[in-house]
Amino acid sequence: MRILGIETSCDETAAAVVDDGRLIRSNVVASQIPIHERFGGVVPEIASRQHILAIGQVVSDALKEGATLLAEVDAIAVTYGPGLSGPLLVGMNFAKGLALGLGIPLLTVNHLEAHMLSVWLVTGEDSAPEPALPMVSLIVSGGHTELVLVERPGRYRVLGRTLDDAAGEAFDKVGRLLGLEYPGGPSIERTAALVCPADATISLPRAWLRGTHDFSFSGLKTAVVREVRSAQVTSTVETISAERAQMLAWAFQDSVADVLSQKLSDAAKSEGSHSASLVGGVANNSTVRAACERRLMVPLYVPGPGLCTDNAGMVAGAAYWNPRKISYEQDIAPSLGLSA
Ligand code: KG4
Ligand code: ZN
């Protein structure tokens, strides 16, 4: 089954062609990072308008790269949420029109489910076996930090989540505090890499929230604020020194990697899972990956290049494994905190 996936939940306009929930024929992403950079974060109104401008070309590029004619597409998959409402509406309506025009099914995908099932995707040369189930999946993105038991595609149990900031959000906010380039995640990783661990002079706190699978990153962020302020008071220059920023980036990343890897490994043990996965934008971080590899006693799956951050390959894949349509009762009402 060949599915054309569309993803517009935040600041990436993406389209992809995937066969049978696994084989990626194309995966095109038009990032808006340069547009939002000057505001230090995603501006929803601008993101929506940019999706309108980009979506037609991105879809036609995905079809072309995937050597696929519209007539060869069996279904359209699109992210319905969670995400920014304006951006989501652009993708939903484009997908709906396309499916109607072609007379093929429209499948609606939960963005977090798409991240979790992204470890099923492979490229042409790769014939890796399907991940072993049950799997404990740690979703670490800009908007979410959730630990979920995947019994099988479509059957999930949330074990824990962040009580405040998402891991990626903490990376982005701390990046801004340290005067680094947007988005903070990749900038912090690059900056921290300049520090030799043996020379690290700062250690930042960890919120363990023992006895639960939940997370908290706001205290860690406040600890960085305090360190930055104390450096500014004692320093003669207005901003902190590059060396101090590097040290804080290293200590922050070390703390996040420590907590994420320990909690993922604890959950894998307590649930008796056969594998674990690390998905979402923060899974790009090699320190976080290495810490998880080190602690886990079961195989760790991490999505391949370009599949951790938002993309439509994961949307087309998820629609194959759990094909569904959104409903008011199951999706809309609960997401608004209403009972159906
Ligand atoms: O999954 P994603 O593309 O979008 C959401 O669904 O939120 O994740 C984006 C997040 C951003 O917060 C970004 O800073 C973070 O992933 N990120 C990273 C790295 N690359 C992206 N965080 C840490 N290290 C990285 N290398
Ligand atoms: Zn995402």
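The values are calculated or read from the model by the stated rules, or taken from the named source; none is laboratory data. Since this is a predicted model, take the numbers as computed values, not measurements. Here the Cβ positions follow ideal geometry from the backbone for every residue, glycine too, while neighbour counts run over all protein chains shown. Accessible surface is based on the protein model in full, side chains and every heavy atom, while ligands, DNA and RNA are left aside. Shrake-Rupley method; radii C 1.70, N 1.55, O 1.52, S 1.80 Å.
So the values come out like this:
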| item | result |
| --- | --- |
| Extended-chain gain in nm, criterion 0.36 nm per residue less alpha-carbon gap, Asp20 and Val158 | 47.0 nm |
| Label-reachable residues, segment 1-33, where backbone N falls under 14 Å from a point 7 Å from Leu70's Cα toward its Cβ | 4 |
| Nonlocal amide H pairs with Ile326, under 5 Å, H built at 1.01 Å | Thr108 |
| Per residue accessible area in Å² of segment 24-66, where ligands, DNA and RNA are left out and the probe is 1.4 Å | 54 |
| Segment 298-340 - accessible surface per residue (Å², probe 1.4 Å) | 50 |
| Built amide H within the under 5 Å cut-off of Thr145, gap 5+ | Thr162, Ala167 |
| Beta bridges per DSSP with both ends in the chain, % antiparallel, nearest 5 | 60 |
| Mean projection area, nm², convex hull over Cα of the chain | 17.9 |
| Apportionment of accessible area to carbon and sulfur, segment 70-109, percent (1.4 Å) | 65 |
| Net charge dipole size for the chain [Lys, Arg +1 and Asp, Glu -1 on Cβ; Debye, nearest 20] | 480 |
| Residue of Trp120, Trp250, Trp208 that the Gaussian network model of the chain assigns the largest fluctuation, springs spanning Cα pairs under 10 Å | Trp208 |
| Rounded FRET efficiency, nearest 0.05, which uses the C-beta distance separating Glu151 from Glu329 and R0 of 25 Å | 0.70 |
| Between segment 155-195 and segment 40-112, the alpha-carbon center distance in angstrom | 27 |
| Separation in nanometres of the label points that stand 7 Å from Cα toward Cβ, at Arg176 and Glu45 | 1.8 |
| Cα gyration tensor shape for segment 179-222, rounded if a/c is under 1.5, else prolate or oblate | oblate |
| Candidates Ala312, Ala114, Ala67, ranked by Gaussian network fluctuation over the chain, Cα under 10 Å, top entry | Ala67 |
| DSSP beta bridge pairing in segment 1-114, given as percent antiparallel to the nearest 5 | 60 |
| Segment 97-190: GluC sites (Glu not before Pro) in DSSP loop, at most 10 other beta carbons within 10 Å | Glu125 |
| Low-density loop positions, GluC sites (Glu not before Pro), segment 206-306 - DSSP coil, at most 12 other Cβ in 10 Å | Glu238 |
| Relative contact order of the chain, pairs being alpha-carbon contacts under 8 Å that are 6 or more residues apart, as % | 23 |
| Per-residue [θ]222 nm for the chain (sum of -39500 (n - 2.57) over DSSP H runs n ≥ 4, rounded to 500) | -13000 deg cm²/dmol |
| Reachable lysines from Lys96, criterion Cα separation under 19 angstrom, eight or more residues apart if same chain | Lys325 |
| Computed lengthening from Glu293 to Thr123, 0.36 nm per intervening residue step minus Cα-Cα distance | 58.9 nm |
| For segment 161-251: accessible area per residue (Å², 1.4 Å) | 54 |
| Lys263, Lys221, Lys269, ranked by accessible area, largest first (probe 1.4 Å) | Lys269, Lys221, Lys263 |
| Full-stretch length increase - Leu209, Gln57 - with 0.36 nm per residue and alpha-carbon distance subtracted | 50.1 nm |
| Helix 44-65 vs. the chain, principal-axis angle (Cα, 0 to 90°, nearest 10) | 60 |
